[in-house]
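Comments concern the structure below.
The values are calculated or read from the model by the stated rules, or taken from the named source; none is laboratory data. What you see is a predicted model; the values in this text were computed from it and never measured. When we count neighbours, we look across all protein chains shown, and the Cβ atoms used for this are built from the backbone with ideal geometry, even at glycine.
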Amino acid sequence: MKISNVVVAGGGVLGSQIAFQIAYKGFHMTVWLRSEASIDRARPKFERLKGIYLSTLEAMKTNPAAYCRGLAPSPDLTADQIDELKAQVEQAFNGIEYTTSYEEAAKDADLVIESIAENPQDKIAFYTELAKHLPERTIVVTNSSTMLPSTFAEYTGRPGQYLALHFANEIWRNNTAEIMGHPGTDPAAYDTVVEFAEEIGMIPLKLKKEQPGYILNSMLVPFLSAAEALLATDVADVETIDKTWMLATGAPLGPFRILDIVGLTTAYNIGALDPRAKDPNTVQGKIAAMLKRYIDEGKTGINAGEGFYTYK
């Protein structure tokens, strides 16, 4: 099946990035959000992404180090070719449609990418309602950071056409797409998603079986959790923990800079899946309480202008 019309459900940190990248690559893009207020909150994220894409492409004219794999297949582009890509950015931004209607979003969808909060009940409610409106041909994928597609397959109304497609943050630079089916996924649907990932400038990473956290988050989540534990138990402060990691490994970012990019709400939702997070005396409970304080103060990460660090 040829994918042309794509719906992204959710306008958070990754949802907005996924939608913008797909629109940039020339697909018809509809973003489904729960309410008009959610649309208003999402629009600044798309404004920010437009600015990032345009400034990065402009920098590529004179600085080879500015090249991002998701923006162009090669760093060897003329200024005129880069200007054509900048025009694509403008077209992408202006062409994205927003809706709160399940029916409007689903009616022509070839592919739906679910990127809503890491909350099982929210995902089940979304899939159950969406299934009432989808054409038979539509493939549905989840961008869940940690949850298995087999958990939700029956609620989609099309378990054979359901699987996981997981992106890394800063999708234009870190252009990976982890593709993971469940035991009932139709191989044809899997192959279609692999092809689509390539078409939007991603490098498909094919998993052979279900794995909580896929490949990336199976490594990343324990790393970030270890850093959160050091802070929540007063072992060291944010800057010292980040500095330790960066100086000792040569990494460009420490764990708390990464958490700000991921978004503290996502980190909180992932941590809340652990039953131990309900006990304030456990390390997990202390991490949850710490993240909740930041979130309640509006310090949810880089998109909010402040998280563990200030970006204003």
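Residues in the range 171-193 include none that are surrounded by fewer than 17 Cβ atoms within 10 Å (Cβ to Cβ), within 17 Å of the chain's Cα centre (by Cα) and not in a loop (DSSP other than H, G, I, E, B). Go through (1) farther than 21 Å from Thr99 by Cβ; (2) of a type in the set (Ser, Thr, Tyr); (3) touching a strand residue (DSSP E or B) at 6+ places or on another chain (Cβ under 7 Å) one by one and return the number of the condition Thr146 breaks. Against the list (1) farther than 21 Å from Thr99 by Cβ; (2) of a type in the set (Ser, Thr, Tyr); (3) touching a strand residue (DSSP E or B) at 6+ places or on another chain (Cβ under 7 Å), Thr146 comes up short only on (3). Only a single criterion out of (1) under 19 Å from Thr99 (Cβ atoms); (2) under 16 Å from the mean Cα position of the chain (by Cα) is not satisfied by Asn5, namely (2). Can you tell me which residues in the range 95-128 are exposed (fewer than 14 other Cβ atoms within 10 Å of the Cβ) and either among the hydrophobic types (A, V, I, L, M, F, W, C) or outside the structural domain of Leu165 (by TED's automatic domain parsing) (or both)? Once the filter is applied, which keeps residues that are exposed (fewer than 14 other Cβ atoms within 10 Å of the Cβ) and either among the hydrophobic types (A, V, I, L, M, F, W, C) or outside the structural domain of Leu165 (by TED's automatic domain parsing) (or both), the range 95-128 yields only Ala125.
Checking the stated criteria, Tyr127 turns out not to satisfy the condition of being over 20 Å from Thr30 (Cα atoms) and free of Cβ contacts under 8 Å to residues at least 60 places away in the same chain. Between Lys286, Lys299, the distinction of being over 22 Å from Ala168 (Cβ atoms), surrounded by 14 or more Cβ atoms within 10 Å (Cβ to Cβ) and touching a strand residue (DSSP E or B) at 6+ places or on another chain (Cβ under 9 Å) belongs to Lys299 only.
Selection of the range 204-225 for residues being over 17 Å from the mean Cα position of the chain (by Cα), free of Cβ contacts under 8 Å to residues at least 40 places away in the same chain and part of a helix (DSSP H, G or I) yields Pro222, Phe223.
With respect to (1) in contact with a Leu (Cβ under 6 Å, 6 or more places away or on another chain); (2) assigned by TED's automatic domain parsing to the domain that holds Gln121; (3) not hydrophobic (A, V, I, L, M, F, W, C), the lone exception for Tyr268 is condition (2).
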